[in-house]
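Every read-out reported here was derived from the displayed coordinates using simple, explicitly stated rules and does not represent laboratory data. Since this is a predicted model, take the numbers as computed values, not measurements. Please note: Cβ atoms are built from the backbone with ideal geometry, for glycine as well, and neighbour counts cover all protein chains shown.
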Amino acid sequence: EEEVAEYRKGLAIRVSGFDVPKPIKLFEECGFSTALMGAITKQGYEKPTTIQCQALPIVLSGRDVIGIAKTGSGKTAAFVLPMIVHIMDQPELGKGEGPIGVICAPTRELAHQIYLEAKKFAKPYGIRVGAVYGGVSKLDQFKELKAGCEVVVATPGRLIDLLKMKALTMLRATYLVLDEADRMFDLGFEPQIRSIVGQIRPDRQTLLFSATMPYKVERLAREILSDPVRVTVGEVGM
Ligand code: ADP
Ligand code: MG
């Protein structure tokens, strides 16, 4: 335990919550399949980043997580890699419809970046990733969703539009990520986020990532996450 505390301190990692899994040093400790390890290597990722060292084992254990770390720290892989594991763990993956993983991001650019990263790790498994954001034909996205996607990466407004159009159902969604939550609030997406969360079954795993943790984001996190583990890397603004 003391060794774990020292290791965290050395990496400027702070955690709160009970029974927090200990941080890893290598991707090999995650129990990833050969295919996923291959995809990680292909991306040029040799070692997990600091946030990944602590967030990966927690997310893989099935816990809800609040992850706070600055931009560029590798948060995307911290939620995308466990999402692939979560999806492949579904006993009846071939059956049912609608996404299992739902990732919300504040802007089209950010959603597109996540989409590209998710596709790289999803590819070896044939997991289909759908992109749902503005500036792209809604009809094309409607068709893509209708054809079937195990993962949807979305901006909140467009996702709500497509939900209203019944392009997808959230019945199977059990892994929800709210990325850059602070920016989603700054852009006024709180009502849309609440609406989306309200359509996803409560026994989901929920992950919230943010560079800062203002009170409004904190309040939402308390409402929609269950017994979350909070992981903070470095200094954090409010
Ligand atoms: P954040 O979401 O925290 O801003 P990103 O997930 O966008 O950060 O990652 C920032 C950059 O670091 C990306 O170019 C990504 O490919 C790269 N990256 C992520 N994880 C690793 C890793 N383990 N090793 C090397 N590079 C990584
Ligand atoms: Mg990010």
query: Along the range 71-80, what does the Karplus equation 6.51 cos²θ - 1.76 cosθ + 1.60 (θ = phi - 60°) give for ³J(HN,Hα), rounded to whole Hz, x for Gly and Pro?
result: 4, x, 8, x, 5, 4, 5, 5, 9, 6
message: Could you give the length gained by full extension between residue 137 and residue 1, i.e. 0.36 nm per residue of separation minus their alpha carbon distance, to one decimal place?
response: 43.7 nm
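Kindly state, to the nearest 0.05, the FRET efficiency for residue 203 paired with residue 116, given R0 = 25 Å and r defined as their beta-carbon distance. Mind showing how you got there, number by number?
On the way: r = 30 Å, r/R0 = 1.19.
Computed FRET efficiency for residue 203 and residue 116 comes out at 0.25.
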message: What percentages make up the Cα-Cα pair-distance distribution of the range 23-165 when the bins are 5 Å wide from 0?
response: 2, 9, 19, 22, 20, 15, 9, 4, 1
field: Values of log10 I(q)/I(0), in the order q = 0.20 Å⁻¹, for the range 116-238 under a Debye, Cα-only, solvent-free model
entry: -1.25
Estimated [θ] at 222 nm from DSSP helical runs (n ≥ 4, -39500 (n - 2.57)) normalised by residues in the chain, nearest 500: -12500 deg cm²/dmol
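Size of the dipole of the chain about the Cα centre, Lys and Arg at +1 and Asp and Glu at -1 on the beta carbon, nothing else charged, in debye to 20?
On the way: 31 positive and 28 negative charges, 149 e Å.
So the magnitude is around 720 debye.
Of 123/164; 9/42; 75/120, which sit over 26 Å apart, Cα to Cα? Intermediate results must be reported in sequence, preceding the final value.
Details: 123/164 29 Å; 9/42 30 Å; 75/120 15 Å.
In this structure, 123/164; 9/42 lie more than 26 Å apart at Cα.
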field: 14 Å beta-carbon shell around residue 35, net charge (K/R +1, D/E -1)
entry: +3
- prompt: What is the calculated FRET efficiency for residue 187 to residue 70, with r their C-beta to C-beta distance and R₀ = 25 Å, to the nearest 0.05?
  reply: 0.85
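Give a quick list of trypsin sites (Lys or Arg not before Pro) in the range 70-159 that DSSP marks as loop, anything other than H, G, I, E or B, with at most 11 other Cβ atoms within 10 Å.
Details: sites: 70, 75, 95, 108, 119, 120, 128, 138, 143, 146, 158; in loops: 70, 95, 128.
Of the trypsin sites (Lys or Arg not before Pro), the ones in loops of the range 70-159 whose Cβ has at most 11 other Cβ atoms within 10 Å are 95.
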Rounded FRET efficiency, nearest 0.05, which uses the C-beta distance separating residue 147 from residue 16 and R0 of 35 Å: 0.25
task: Pairs of Cα atoms under 8 Å, at least six residues apart: use those to get the relative contact order of the chain, whole percent.
output: 29 percent
message: Could you tell me the center-to-center distance, by alpha carbons, between the range 1-67 and the range 140-169 in angstrom?
response: 31 Å
message: For the chain, set up a GNM with springs between Cα atoms under 10 Å and report which of 155, 169, 71 has the largest fluctuation.
response: 71
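Need the full-extension length gain, residue 219 to residue 125, defined as separation in residues times 0.36 nm minus the C-alpha distance. One decimal, nm. Can you show the working numbers first?
On the way: separation 94, 0.36 × 94 = 33.84 nm, distance 3.65 nm.
Roughly 30.2 nm would be gained on extension.
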- prompt: Once both labels are modelled 7 Å past Cα along the beta-carbon direction, what's the residue 42-residue 28 spacing in nm?
  reply: 2.2 nm
